[in-house]
Every structure is written in structure tokens, then in C-alpha cells.
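A.B. asks: Okay, handing you the structure first.
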Ligand code: ZN
């Protein structure tokens, strides 16, 4: 497994609409998934989308677990979601702080649907349906945005809803712990 370089804000690949994956059994795909998982773990992320490593395919990893950047994250096995779709969502939304491996040093308050129903193909090629809530729903919506060429900054309502990583660590994490 190889840790890949993460594309940073300003790189055009983050602004492209990613392409559907047609050949799930492609061996290359398995290697990309393994490398994405290695990269998200190494960089203390909770999710990573293929466009963030300059691969414009509809694929992301959700890999929530407590780490330095997200000490309160719930724990899950790293899960590859291929050709993911948002099927339905709750009316209610919640605002919370997000960061992004492609936008280092900045956090922003983003409103997301609290409950979503999603569909994706797993790495074995099986179609999965899941209901995701709260933090997990937030990760999915953030990563899904990457497939559409959207970054979380686009969804921040006001520049007063932005914070540096240092201030976030001082203010927000101290409050929560
Ligand atoms: Zn991101």
C-alpha cells in the first residue's frame, strides 16, 4: 500500500465532476482503494475521495475513527463506496465544523442533512443500501461533494463561520472534551 499525494485547493481536479466506474473487477481499482485507505489513515482523515488524489472517478472511502484531527469521531471499518448515490434525506439539517485534507489549516461550519439514505457498490461488487446519521451522514455528504467538484468552503454561509485549525483545536475541541 502506498500513501498518495493529496491535491490541494486550487488544483483543477477538485473542481471536476468525477466519472462513473464501470469495471468493478478491474485489479487497478482494488489497488487504488487500498492506497486511498492508507492515505486517509496516514493523514488523520475520516474520509477521502478519489479526486483528492487526482483520480477523477466516482469513489470514496469513509474511515471514521477517533484521531488527532477528529478525537470524537465514531469508529468504523474503512469502507470503499463506488458510484455512491444519495437516495433520500431528512428535512432537518445540522451545522457542524468540517475540515478537508485538500484545504489544510481551515475549518468551517457547514449545514448538512442529519439523516440520509444512500446506495453504493462495495469493493466486492455488491450493491449496498444504508441509512447514515449525524457524523457519518456528514462524512458521506462531504465526500460526495468532492465527486461533484464541490468543496466544503462552497457551503460555508459566511466567512465568520471559518476558523484556523489552531483556533479550532483550542476553542471547539476543548469545549467538547
Ligand atoms: Zn474533503
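A.B. asks: Have a look at 107, 58 and point out the one that is crowded, with 17+ Cβ neighbours inside 10 Å, within 12 Å of the ligand (Cβ to nearest atom) and farther than 13 Å from residue 6 by Cβ.
C.D. replies: Details: 58 fails: within 12 Å of the ligand (Cβ to nearest atom).
Result of the check over 107, 58: 107.
A.B. asks: Any residue that is modelled with pLDDT of 95 or more, away from the ligand (no atom under 14 Å from the Cβ) and either surrounded by fewer than 22 Cβ atoms within 10 Å (Cβ to Cβ) or more than 20 Å from residue 156 (Cβ to Cβ) (or both) - is there at least one of those in the range 64-79?
C.D. replies: First, pick out the residues of the range 64-79 that are modelled with pLDDT of 95 or more: 78-79.
Okay, now just the ones that are also away from the ligand (no atom under 14 Å from the Cβ), so 78-79.
In the following step, the residues that additionally are either surrounded by fewer than 22 Cβ atoms within 10 Å (Cβ to Cβ) or more than 20 Å from residue 156 (Cβ to Cβ) (or both) were identified as 78-79.
Yes, some residue in the range 64-79 is modelled with pLDDT of 95 or more, away from the ligand (no atom under 14 Å from the Cβ) and either surrounded by fewer than 22 Cβ atoms within 10 Å (Cβ to Cβ) or more than 20 Å from residue 156 (Cβ to Cβ) (or both).
A.B. asks: Only one of these is more than 16 Å from the ligand (Cβ to nearest atom), under 15 Å from the mean Cα position of the chain (by Cα) and over 22 Å from residue 156 (Cα atoms): 123, 129, 85. Name it.
C.D. replies: Numbers: 123 fails: under 15 Å from the mean Cα position of the chain (by Cα); 129 fails: under 15 Å from the mean Cα position of the chain (by Cα).
Within the list 123, 129, 85, the selection yields 85.
A.B. asks: Sticking with this one: For the range 21-45, what are the residues that are more than 16 Å from the ligand (Cβ to nearest atom) and within 15 Å of the chain's Cα centre (by Cα)?
C.D. replies: 33, 38
A.B. asks: Next question, about the same structure. Is it true that residue 98 is under 15 Å from the mean Cα position of the chain (by Cα) and either loosely packed, with under 13 Cβ neighbours inside 10 Å or free of Cβ contacts under 8 Å to residues at least 40 places away in the same chain (or both)? Spell out how you get there, then give the answer.
C.D. replies: Details: under 15 Å from the mean Cα position of the chain (by Cα): yes; either loosely packed, with under 13 Cβ neighbours inside 10 Å or free of Cβ contacts under 8 Å to residues at least 40 places away in the same chain (or both): no.
Taking the combined requirement at face value, the residue does not satisfy it.
Conditions (1) touching a strand residue (DSSP E or B) at 6+ places or on another chain (Cβ under 9 Å); (2) in contact (Cβ under 8 Å) with a residue 24 or more places away in the chain; (3) closer than 15 Å to residue 79 by Cβ; (4) surrounded by fewer than 20 Cβ atoms within 10 Å (Cβ to Cβ), marked per residue:
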site	(1), (2), (3), (4)
111	yes, yes, no, yes
117	yes, yes, no, yes
120	yes, yes, yes, no
124	no, no, yes, yes
131	yes, no, yes, yes
135	yes, yes, yes, yes
139	yes, yes, yes, no
149	no, yes, no, yes
152	yes, yes, no, no
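A.B. asks: Residue 48 - would you say it is touching a strand residue (DSSP E or B) at 6+ places or on another chain (Cβ under 8 Å), touching a residue at least 60 places away in the same chain (Cβ under 8 Å), within 16 Å of the ligand (Cβ to nearest atom) and within 14 Å of residue 6 (Cα to Cα)?
C.D. replies: Working: touching a strand residue (DSSP E or B) at 6+ places or on another chain (Cβ under 8 Å): yes; touching a residue at least 60 places away in the same chain (Cβ under 8 Å): yes; within 16 Å of the ligand (Cβ to nearest atom): yes; within 14 Å of residue 6 (Cα to Cα): yes.
For residue 48, the condition - touching a strand residue (DSSP E or B) at 6+ places or on another chain (Cβ under 8 Å), touching a residue at least 60 places away in the same chain (Cβ under 8 Å), within 16 Å of the ligand (Cβ to nearest atom) and within 14 Å of residue 6 (Cα to Cα) - is met.
The values are calculated or read from the model by the stated rules, or taken from the named source; none is laboratory data. Since the structure is predicted, the reported quantities are computational estimates derived from the model, not experimental observations. Positions of Cβ are backbone-derived with ideal geometry, glycine not excepted, and every protein chain shown enters the neighbour counts.
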